[in-house]
Amino acid sequence: MSTSPVAPAADDIFDRFLRYDELVAWLHRVADDHPELVTLDCYGTSYEGRDLWLVTVTDAATGGHHAKPAHWVDASIHATELTATVAACALIRRLVDGYGTDDGITRALQTRTFYVVPRVNPDGAEWALADRPRFRRSSTRPWPWRDGRDWPGLHVEDIDADGRILQMRIADPHGAWMGHPDDERVMVPVPADGAPRGVATYRLLDEGRVVDHDGFTIPTPPATEGLDLNRNYPAGWGTSVTGSGDHPLSEPEIDALVRAFVARPNICGANAFHTSGGLLLRPSSTRPDAKLAPLDLWIWNRLAERGTELTGCPAHSVFEDFTWDPNETMSGAADDWAYEHLGVFAWTTEFWDIVDAATGTKQATDFWYLGPTREQTLAVLHWCDEHHPDGHVDWYPFEHPTLGPVELGGWNLLTTWSNPPPSMLRQEVEGHADFAVHQAMCSPHLEITYVAVDSLGEGLWSLDVGICNTGWLATDISSHARKERLVAPLVAELSGDTIELVGSLARQQLGQLDGRAAARFSHGNDGTPNRALARWTVRASPGAVVTVTATHPRCGIVTRDVTLET
């Protein structure tokens, strides 16, 4: 795919949705402008052959990206959830601009690594942003039928080629919708006891073409491209889950992302950026909180407190608060996989709540199933009148090629219910970069804090090295990870060209170290569960230099040169 367009200016990416080539050009420019902080890697290719890009941000002068605990953010796995890419780019911009000018950001980049995937699903986003857009849930690969043929019924697309996908309404005496009594432009459900006498009712449809119309019925089959990439992760994958794919990791975008993630075992936390709802969602999607490890739930809640403070988004359990039917769970998602398989605390951030913007009150947790109330619908319409006139389009006649006379209009979904208007993007993503930095700084952090050398005579030396986890979380991150033994232990290793080990191994396993969070439960009798001591006896000449290396999958690598002298 071409990456030739000139990159947009630094601030131009936060007031519109970038096409793929513009996005990639901007990422390359950031990497070129900040070579000491930013590297850019292709970690795979999409179904349509586009390169998938991973941005790594850390201070290279203080160590390689793999040598530090890391935080992962990915964005826009769903095609129309374009605000997520803006937020990912805002994180990158916050990090590179803050280095050297903001003490917190500078310290974060000196001691932590950030991995950012700004657009997991570039193919679907390109369809959504095309001059004649097509909206799909995720991938553009035909599934579950691979022949790409459309089933009879309505297929969403820009039928009048005006660059928008709106709604269609058809006058129908048995229709389920009518104009709001206070403003007939906006459709609301007909009451259970029917519409008032003389009030017109309508059938509502998404804008699109109708295949093999029989003259009477209009089925609404799933899209020919029916995948949901956020149901293709291994955790909880199942054939009964809508859009889950042929098997776990069957889709190139998710297979590549999971491999990139696992290849970086220093990742200690993760966040997948989505829209919409204005929420911080956490696992589990399939189990109640009572079945999660209590300490893990406590840590999630502490992270949530800070996340809500920084972003204004309340935090929720997917299963507890957003599952309509507990027998039909939303499994196969990224955050469940990161926690269940790797033991790291992961989130799904849902940007943008237009109901809150219009009314000052958050959407209810059943909003994804029931939609807005009449009052909310009217409030959003009037909010659009004031802040986003293109958000709701007055109905206009259109001669549909299959259905005949219809009206087009209603909600411009891409920039109302799914995403904020472009002019509000910068404001919407505010604070989320700082939440990413906060969680990164909660990760475990190894330091060699104690060294003792003692001469035993006749060329023998005793060397004690104390290794400390100075971070907030344990080295293996979660109770779940410890119970399931998902993370290898801390290893200390002694090396040197002129030494001989006596009665001790060069490599020693030192287990897992608790972080400061554990002190909350010690009631002031802390002990030293965040420390481990490695001890060696060596034969060497006075003045010999040995190197101690402490390695942990999540915490990275720390080293210390020690001179054998009294």
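The values are calculated or read from the model by the stated rules, or taken from the named source; none is laboratory data. Treat the numbers as computed from the prediction; the structure is a model and nothing was measured. Cβ coordinates were reconstructed from backbone atoms using ideal geometry, including for glycine residues, and neighbour counts include every protein chain displayed. SASA here: full protein model, heavy atoms, side chains in, ligands and nucleic acids out. Shrake-Rupley method; radii C 1.70, N 1.55, O 1.52, S 1.80 Å.
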- Residues located in region 17-54, provided they are under 30 Å from Q110 (Cβ atoms) and part of a helix (DSSP H, G or I): L23, V24, A25, W26, L27, H28, R29, V30, A31, D32, D33
- strands (runs of 3 or more DSSP E) wholly inside region 368-473 containing at least 2 residues that are of a type in the set (A, V, I, L, M, F, W, C) and touching a His at 6+ places or on another chain (Cβ under 7 Å): 404-411
- Taking region 121-140 and keeping residues open to solvent by less than 10 Å² (accessible area, probe 1.4 Å) and either of a type in the set (A, V, I, L, M) or outside any loop (DSSP other than H, G, I, E, B) (or both) leaves P122, D123, G124, A125, A128
- Message: Looking at G198, G238, can you tell me which residue is open to solvent by 40 Å² or more (accessible area, probe 1.4 Å), modelled with pLDDT under 95, over 24 Å from R119 (Cα atoms) and not in a strand (DSSP E or B)?
- Response: G198
- Message: For region 64-105, give me each residue that is of a type in the set (G, A, S), without any contact (Cβ under 8 Å) to a residue 40 or more places away in the chain and under 26 Å from L473 (Cβ atoms).
- Response: G64, G98
- Item | Flag if E340 is over 25 Å from P420 (Cα atoms), within 24 Å of the chain's Cα centre (by Cα), of a type outside the set (A, V, I, L, M, F, W, C) and crowded, with 20+ Cβ neighbours inside 10 Å | yes
- Task: May I ask you to list the residues in region 269-291 that are in contact (Cβ under 8 Å) with a residue 24 or more places away in the chain and farther than 26 Å from L82 by Cα?
- Result: T286, R287, P288, D289
- Cβ-Cβ below 7 Å, separation at least six or inter-chain, first residue in region 243-257 and touching a residue at least 40 places away in the same chain (Cβ under 8 Å) and part of a helix (DSSP H, G or I), second open to solvent by less than 40 Å² (accessible area, probe 1.4 Å) and of a type in the set (G, A, S): which pairs? P252/G44; P252/S46; E253/S46; E253/S139; A256/G44
- Item | Of all residues making up region 508-539, the number that are of a type in the set (A, V, I, L, M), assigned to a loop (DSSP other than H, G, I, E, B) and modelled with pLDDT under 95 | 0
- Return the total of residues in region 447-473 being under 33 Å from the mean Cα position of the chain (by Cα) and of a type in the set (D, E). 1
- What tally of residues in region 276-325 results from selecting those that are assigned to a strand (DSSP E or B) and either of a type in the set (A, V, I, L, M) or open to solvent by less than 10 Å² (accessible area, probe 1.4 Å) (or both)? 5
- Quick one: which residue in A440, A452 is touching a residue at least 40 places away in the same chain (Cβ under 8 Å), within 30 Å of A474 (Cβ to Cβ) and hydrophobic (A, V, I, L, M, F, W, C)? A440
- Could you list, in sequence order, the residues of region 474-501 that are assigned to a loop (DSSP other than H, G, I, E, B) and modelled with pLDDT of 95 or more? T475, D476, S478, R485, L486, V487, A488, P489
